[in-house]
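The values are calculated or read from the model by the stated rules, or taken from the named source; none is laboratory data. Just so we're clear, the structure is a prediction, and the values are computed from it rather than from any experiment. Just so you know, the surface numbers come from the protein's heavy atoms only, side chains and all, with ligands and any DNA or RNA stripped out. Shrake-Rupley method; radii C 1.70, N 1.55, O 1.52, S 1.80 Å.
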Amino acid sequence: MMLLLIGSIVVLVGVYMLLVETIFKSSECKSSSDMVGKTVIITGGNTGIGKATACELARRGARVILSCRNKQKAEEAIKDIELETGSTDVVYMQLDLANLKAVRTFAETFLKTESRLDLLINNAGLVGDGRTEDGFGIQFGVNHLGHFLLTCLLLDCLKEAPSSRVITLSSMAHRWGKIDLDALVANKDLGTGRYSWQFFLAYCNSKLCNALFTHELAKRLKGTNVTCYSVHPGVVKTELSRHVSLWQMVFVDPISRLFFLDPKAGAQTTLHCALQEGIEPLSGRYFACCTVQEPCSNATDDAVAKKLWDVSERLCGLSDTS
Ligand SMILES: NC(=O)c1ccc[n+]([C@@H]2O[C@H](COP(=O)([O-])OP(=O)(O)OC[C@H]3O[C@@H](n4cnc5c(N)ncnc54)[C@H](OP(=O)(O)O)[C@@H]3O)[C@@H](O)[C@H]2O)c1
Ligand SMILES: *[C@@H]1O[C@H](CO)[C@@H](O)[C@H](O)[C@H]1NC(C)=O
Ligand SMILES: *[C@@H]1O[C@H](CO)[C@@H](O)[C@H](O)[C@H]1NC(C)=O
């Protein structure tokens with residue numbers, strides 16, 4: 001009896017340690033670079049991983065533009081960040097990624113009022129159900145298409161900086177993603193359905209888009225001083241599951257308390273890609289745990305990446321061949 005008990009405890013501890021060393025592994029950005037004189041845009045910086053990232057960049061002297069959809073939430077976050085870091089250079093600029101016209105307005109305002117851009121962090125994202133203002137599936141629309149347009153509109157400005165970077169939050173969930181471009185053109189969405197597992201799959205598809213976008217962007221940026229990276233931040237306790245139904249929370253909550261990273265730990269890989277010197281030759285690659293990793297083979301498919309780019313251009317009106 002005693003032996004059985006000890007045996008079970010050993011197994012449980014073993015499983016716990018295995019999980020902590022794999023899916024729930026944490027890492028640390030070791031770079032000591034500073035960001036003095038540099039300007040950063042971070043989307044969805046009012047909470048979660050984005051807020052923790054903004055905080056560290058502000059601490060290192062960056063001018064940080066929090067581009068969020070909710071003014072009040074953004075101003076509260078700015079107060080917290082300024083209190084914690086002593087920075088007085090964190091500003092709010094309205095951006096709703098679920099509205100392509102609003103993305104254009106944001107870019108125009110930014111280009112008119114700011115003099116440079118050194119780092120764009122496409123961080124905002126959601127798991128949820130519904131459509132954007134323009135009728136796209138909300139996850140495809142916000143997680144991919146809004147950021148796609150934003151990046152394209154800011155590219156010339158990024159190219160003017162001596163050395164600049166674009167970081168896009170993907171996820172290990174991209175591994176379950178699929179890209180059906182015909183369905184995308186027909187439904188304005190990648191995956192449909194109203195069950196939560198269906199919009200989870202749509203989330204995975206959007207995160208695959210994030211990795212493919214980065215893969216293609218790197219090619220288009222060859223010969224410039226702009227590089228780009230996609231990131232899996234780890235499994236992090238944030239507000240990301242806020243739209244997930246109650247019964248799922250009952251299961252997820254205990255696991256998240258035991259295993260999930262806090263937002264500060266969840267910001268480390270983004271910070272690594274933002275700050276680490278010498279990673280420029282790895283432009284276009286996928287990072288997790290502060291190192292470059294292999295994404296699934298679908299995320300580096302040249303032909304799909306190019307087609308997704310072309311379709312995205314058409315869907316957000318950057319090219320007129322429809
Ligand atoms: N947490 C994880 O375990 C995990 C794992 C893998 C990847 N990621 C990725 O990490 C990124 C950050 O997620 P998080 O976990 O920090 O989630 P979060 O706490 O829910 O934060 C998401 C941010 O995105 C913003 N956002 C949502 N819809 C928007 C819109 N239409 N326009 C502008 N901003 C919008 C939110 O603003 P509001 O507060 O106004 O809603 C919020 O600031 C996401 O791209 C996510 O896919 C997270
Ligand atoms: C991605 O991988 C899956 C499984 O390996 C496959 O069924 C799918 O067709 C692939 N391609 C795309 C573009 O998603
Ligand atoms: C990139 O940076 C280098 C060194 O800082 C500079 O000499 C070069 O002109 C830049 N290239 C472009 C395309 O701006």
Check every DSSP H run in the chain and write down those whose alpha carbon atoms cover 18 angstrom or more along the long axis and whose mean Kyte-Doolittle hydropathy is -1.0 or greater. 2-21, 100-113, 147-160, 196-220, 246-259, 302-315
For the chain, give me the percentage of DSSP beta bridges that are antiparallel, rounded to the nearest 5 percent. 15 percent
Sum of -39500 (n - 2.57) over DSSP H runs of 4+, divided by residues of the chain (222 nm, nearest 500): -14500 deg cm²/dmol
Can you tell me how the range 239-318 classifies by the Cα gyration tensor, rounded, prolate or oblate, using a/c under 1.5 as the rounded cut? oblate
Rounded to two decimals, what ratio of Rg to Rh does the chain give with C-alpha atoms and a Kirkwood Rh? 0.98
Equivalent-ellipsoid semi-axes of the range 95-247, from the Cα gyration tensor, Å, largest first: 27, 17, 15
Of all DSSP beta bridges having both residues in the range 53-193, the percent classed as antiparallel (nearest 5) is 10 percent
Go ahead and set up a Gaussian network model of the chain, Cα springs under 10 Å, then flag whichever of VAL311, VAL236, VAL13 fluctuates most. VAL13
SASA check, LYS306, accessible area w/ 1.4 Å probe, all protein chains in place, rounded to nearest 10 Å², comes out at 100 Å²
Suppose we look only past 17 Å in the calculated P(r) of the range 138-191. What percent of the Cα-Cα pairs does that tail hold? 51 percent
By its C-alpha gyration tensor, with a ≥ b ≥ c as the square roots of the eigenvalues, how is the range 91-169 shaped: rounded for a/c under 1.5, else prolate for a/b larger than b/c, else oblate? prolate
Where a ≥ b ≥ c are the square roots of the eigenvalues of the C-alpha gyration tensor, would you call the range 1-150 rounded, which needs a/c under 1.5, or, failing that, prolate if a/b is larger than b/c, or oblate? oblate
